[in-house]
Amino acid sequence: MIGRVQLPSPRPASGSVLRIPSLDRRQILKSGLALGAGLVMGLRLAPRAAAAEAAAGEGLNAFVRIAPDGTVTVLSKHIEFGQGTYTGLATVLAEELDADWSAVRVEAAPADAQRYANLFFGIQGTGGSTAMANSWGQMRTAGATARAMLVAAAAAEWEVDASEITVAAGIVRHAGSGREAGFGPLAERAAGIEPPAEVALKDPSEFTLIGREDLPRVDVPAKSRGEASFTFDFSVPEMLTAVVAHPPRFGAKVASFDDAAARKVPGVVQVVAVPQGVAVLAEGFWAARQGREALSVEWDESGAETRGSAEILAGFRQKTRQPGAEVRKDGDPEGALAGAAKVLEAEYEFPFLAHAPMEPLGCVVRVGDGEAEAWAGSQLQTVDQGTIAAILGLDPSKVRLHTLLAGGSFGRRATPTADIAAEAAAVAKAAGTARPVKLVWTREDDIRGGYYRPPYVHRLRAGLDAEGRLVAWHQRIVGPSIVTGTPFEAALVQNGIDSTSVEGASTLPYAIANLGVDLHTEPVGVPLLWWRSVGHTHTAYSTETFLDDIAREAGQDPVELRRALLAEHPRHLGVLELAAGKAGWGSPLPEGRTRGVAVHESFSSFVAQVVEVSVGKGGMPKVHRVVCAVDCGIAINPDNIRAQMEGGIGFGLGAALHDEILLEEGRVRESNFHDYRSLRIHEMPEVEVHIVASAEPPTGVGEPGVPPIAPAVANAWATLTGESVRRLPFRRALQERS
Amino acid sequence: MKVTIDVNGETRELEAEAGTPLLWVLRESLGLTGTKFGCGVAQCGACTVHLDGRPVRSCVMPVESVGDRRVTTIEGLSGDVADAVRTSWEEIQVPQCGYCQSGQVMTTIALLSRDRSPDDDAIDGALAGNICRCATYPRIRRAVHGAAGRLKGGRG
Ligand code: FES
Ligand code: FES
């Protein structure tokens, strides 16, 4: 997902050229509730196209429609890929609308850069765990505004004073006259009423849906019965299925190809060259795949990345000895290190990682006459829309993009290049067919297709004084930039520093008088991308394990040391104390088990985890239990917060234990789940989640559960075995040691 | 090639190239898209269906090798075990993205059909071949126990 967007973000102007508006996330967060009020104005009615595609019902504003039978349809501008956003956004709107929860449905909003922009990005898109944070005020205002319109409609119909009308659980009532009605009969009249310029929002003490423990997710029944439909399941009449033969090395191009055998495969309809490779279009997946197997392609690899992971990392390691671009400097870190009684030093290595969402990537495109339509699990909708439009030579308004449920993403569906939408559009264009085209990626395409979490090398140094106090800290990060050269560069790269490379290190909360962070940005010829929790995937690991090394050196308890260094950070401290307390930090454990702790803030949410670890099969860590504490502001749906922490922990743990994408002479070694191993059920620890009660505006939970798990496990492992693991994944680190 | 297979209690006759995996016949020829594609190499379990009640990976099973065995997909489930599993799945709120869940549910039903009170090790053993990238594993475990409890009449 997208890194902390605290700075202006791109907005598509025409084609793929992006322009930057000036939205500041911190200002937006500060302005809180007032925000939605201004922005929802002028959005009252959906334009014709959207209204026509919508099911029956009156649009009271851009986010809610009410049908004659009282069904309340909430339009989600954010994609649902497992994080629970459909349920969360609908809860917030329904809360202020005083809707009957059982009548609430959720639908994906159509792609629209104006009405459905992420207020932190300026484009429509989901990432950086911002869906709730940017929508909170907007969805509350949308709900309250719609409620006021229903009340006004009832007042007019019943000829009573609006101030005497109450609304609860989907029923509008006037006690004096004894009249009442559901939303359905009032909807048409309400839609014709001018929305109020200002609406009062509830005091949190009045919430009946927000914070409820028993509010089920809207998507769970269909997903439990195999009825949920994803891009892979989507079809339109006459549709062809396409797979593309991609080059074996990044940056290579098609030199020539022979498709004679491929065309003989029954069901294969067409073979065409596209900028991404050679596409085989067929009547179905299997024929397309068999056709691709039968292709022979010569690749021009003159511009390709031919280095292996080992060479790339060796290059990074050399840079750790030279000063990089300054990211943060408090006090005099070098001076303090030089004067320290004891200096600790450690170097860390992190591999390329693939996202491997459970549903492989895909996109359906239908090219019509002067217009087009696309269906996909689109995470940056208006970037995908603009890219398809540019490839097809259309205005973005002529491309209707439908966001479908996605089987996971973890950031992969949010490419600034709109790679999947672009490939689908390129195939449809090259084929020149009136038949709709469904592009699908196999798992091999996915694992080998790039857009990885980049590799990094970190070097950390710490200075202790004669009493063992931490007086100096310096962190050097070496790695490529994710956003340089993309439309996100202007927003996320300042003075040559890509904030997604250093977040978590640059924001280290510990009270250390002399603290420095610097960065070497080293390009690699591989498509790179944010991966669930972005920079925090590596910075939380190095900072939190290094701090434990320091605690050991100083003879201090790791929780005690953190407590002392976090005195000025109450929210970090709050989750640390909660997790440590619930985990029984310091109490005896069964023989052969130790505890480890880590605390980290990401995307304005605070998470601490305490793990219990023993030596498991094959000498690998076995994680028995995780106690997790999270502070994400007001808890909209506590059960979903727990689910996201559980999921983040399992996702992060699987990668830390097993996963890496290894380049060998530029070729990706891994290809599928047998060698890009995911966490499996027998490796999943028991997870216990505790939520800090908070009145702060809600922040995200999709990513923040990930960063602490790997360092917490490494810290327990170091206590257990005396071994500090400084290279991920564990599997490789432990293999190379033995 | 003409193939005749029994899917969800109906005899279906269809055309397919020899070697086509059952998965694609179900999804594309019969429109039964509840069975998912996740890896194509019997590594993830997303494509799990039942053959005579036993779980198999339909992505690596050539359609002609099905023979006269009964194929059951998630669309064709019925009976007390299926009901208990679906109810428990909803009660525990298992799914996140949902994409792996058909496979998880199919494997669980096959497990509970032969072992009505599996312990955690039995659950882990049966489900180790079903990847969930969203890591809904703790809830899957709870939901399997919940369904087992229902079947014993202990709950619901
Ligand atoms: S798709 Fe069959 S096991 Fe993965
Ligand atoms: S629920 Fe997403 S992969 Fe299992």
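The values are calculated or read from the model by the stated rules, or taken from the named source; none is laboratory data. This is a predicted model, so every value here is computed, not measured. Here the Cβ is made from the backbone with ideal geometry for all residues, glycine too, and neighbour counts use every protein chain on show. Heavy atoms of the whole protein, side chains included, go into the accessibility calculation; ligands, DNA and RNA do not. Shrake-Rupley method; radii C 1.70, N 1.55, O 1.52, S 1.80 Å.
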(request) Find how many whole Å separate the alpha carbon centroid of the range A:311-373 from the alpha carbon centroid of the range A:236-303. (result) 34 Å
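Among A:292-304, A:192-204, A:457-469, how do they line up from the highest to the lowest mean number of other beta-carbon atoms within 10 Å? Present the calculation step by step, with values, prior to reporting the outcome.
On the way: A:292-304: 15.8, A:192-204: 13.3, A:457-469: 19.1.
Put in order of decreasing packing, that is A:457-469, A:292-304, A:192-204.
Can you give the convex hull volume of the alpha carbon atoms of the range B:2-76 per residue, in Å³?
Values: hull volume 5.6 nm³, N = 75.
For the range B:2-76, the hull spanned by Cα atoms encloses 75 Å³ per residue.
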(request) Enumerate the amide H contacts of A:Val471 below 5 Å, restricted to partners 5 or more residues apart or on another chain; note that Pro and chain-start residues carry no placed amide H. (result) A:Gly463, A:Leu464, A:Asp465
(request) Between the chain alone and the structure with every protein chain in place, find the residues of the range A:76-120 that drop at least 20 Å² of accessible area; heavy atoms, 1.4 Å probe. (result) A:Gly82
(message) Along the charge dipole of chain A, pointing to its positive end and built from +1/-1 on Cβ of Lys, Arg, Asp and Glu, which listed residue (A:Val151, A:Pro436, A:Met139) has its Cα farthest out?
(response) A:Pro436
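Once you keep just the Cα pairs under 8 angstrom separated by 6 or more residues, what percentage relative contact order results for the range B:2-76? Please list the in-between numbers first.
Details: 141 pairs, mean separation 29.1, N = 75.
39 percent.
Can you give me the accessible area per residue for chain A, using a 1.4 Å probe, in Å²?
Numbers: 25030 Å² over 738 residues.
In whole numbers, chain A has 34 Å² accessible per residue.
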(request) Return the long-range amide H neighbours of B:Asp6 (sequence gap of 5 or more, or a different chain), with a cut-off of under 5 Å between placed amide H atoms. (result) B:Arg12, B:Val71
(message) In the protein assembly as shown, if the dipole is taken from +1 on Lys/Arg beta carbons and -1 on Asp/Glu beta carbons about the Cα centre, which of A:Ser501, A:Leu576, A:Ala629 is farthest to the positive end?
(response) A:Ser501
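Tell me the net charge near A:Val471. Cut-off is 14 Å between Cβ atoms, A:Val471 excluded, with +1 for each Lys or Arg and -1 for each Asp or Glu. Mind dumping the intermediate values first?
Details: positive: A:Lys342, A:Arg461, A:Arg469; negative: A:Asp330, A:Asp332, A:Glu334, A:Asp465, A:Glu467, A:Glu553.
Within the 14 Å Cβ shell, the charges total -3.
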(request) For the range A:463-472, take each phi angle, set θ = phi - 60°, evaluate the Karplus expression 6.51 cos²θ - 1.76 cosθ + 1.60, and give the result in whole Hz per residue in order, putting x for glycine and proline. (result) x, 10, 7, 4, 8, x, 7, 7, 10, 8
(request) Express the Stokes-Einstein translational diffusion coefficient of chain A in µm² s⁻¹, to the nearest whole number, given a Kirkwood radius over alpha-carbon pairs, 20 °C and a viscosity of 1.002 mPa s. (result) 79 µm²/s
(request) Per residue of the range A:499-516, in order, report the coupling 6.51 cos²θ - 1.76 cosθ + 1.60 (Karplus, θ = phi - 60°) as ³J(HN,Hα) in whole Hz, putting x for Gly and Pro. (result) 5, 6, 7, 10, 4, x, 8, 5, 9, 3, x, 5, 6, 10, 5, 10, 9, x
(request) Would you grab the residues whose amide H sits under 5 Å from the one on A:Val254? Only those 5+ places off in sequence or on another chain, please, with H modelled 1.01 Å from N. (result) A:Asp300
(request) Report in % the part of the accessible area of chain A that belongs to carbon and sulfur, leaving out ligands and nucleic acids; probe 1.4 Å. (result) 50 percent
(request) State the percentage of accessible surface on the range B:2-76 attributable to carbon and sulfur atoms; use a 1.4 Å probe and exclude ligands, DNA and RNA. (result) 43 percent
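What's the magnitude of the charge dipole for the range B:80-151 around its Cα centre, counting Lys and Arg as +1 and Asp and Glu as -1 at the beta-carbon? Answer in Debye, nearest 20. Intermediate results must be reported in sequence, preceding the final value.
Values: 8 positive and 9 negative charges, 34 e Å.
So the dipole magnitude of the range B:80-151 works out to roughly 160 debye.
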(message) What is the distance in Å between the Cα centroid of the range A:418-464 and that of the range A:109-174?
(response) 36 Å
(request) Using a 1.4 Å probe on the heavy atoms of the protein chains only, list every residue of the range B:16-35 that has 50 Å² or more less accessible area in the complete assembly than in its chain alone. (result) B:Trp24, B:Glu28
(message) Can you work out the Karplus-derived ³J(HN,Hα) for every residue in the range A:247-262? Use 6.51 cos²θ - 1.76 cosθ + 1.60 with θ = phi - 60°, whole Hz, and x for glycine or proline.
(response) x, x, 10, 5, x, 7, 10, 5, 8, 7, 8, 10, 10, 4, 5, 4
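Charges only on Cβ, +1 for Lys and Arg, -1 for Asp and Glu: so what's the dipole of chain A about the Cα centre, in debye to the nearest 20? Please report the intermediate quantities before stating the final value.
Numbers: 71 positive and 88 negative charges, 200 e Å.
Result for chain A is approximately 960 debye, rounded to the nearest 20.
Need one number: buried accessible surface between chains B and A, 1.4 Å probe, both sides summed, DNA, RNA and ligands left out, in Å² to 100.
On the way: alone 7810 and 27120 Å², together 30600 Å².
The buried area between B and A, both sides summed, comes to about 4300 Å².
Please tell me the relative contact order of chain A in percent, rounded to the nearest whole number, where contacts are Cα pairs under 8 Å and at least six residues apart.
Numbers: 1739 pairs, mean separation 109.4, N = 738.
Computed over chain A, the figure is 15 percent.
Would you work out the relative contact order for the range A:365-445, in percent, from Cα pairs under 8 angstrom that are 6 or more residues apart?
On the way: 112 pairs, mean separation 30.5, N = 81.
For the range A:365-445, the relative contact order is 38 percent.
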(message) Helix-only mean residue ellipticity at 222 nm, chain A, DSSP H runs n ≥ 4 weighted -39,500 (n - 2.57), per residue, nearest 500. What is it?
(response) -9000 deg cm²/dmol
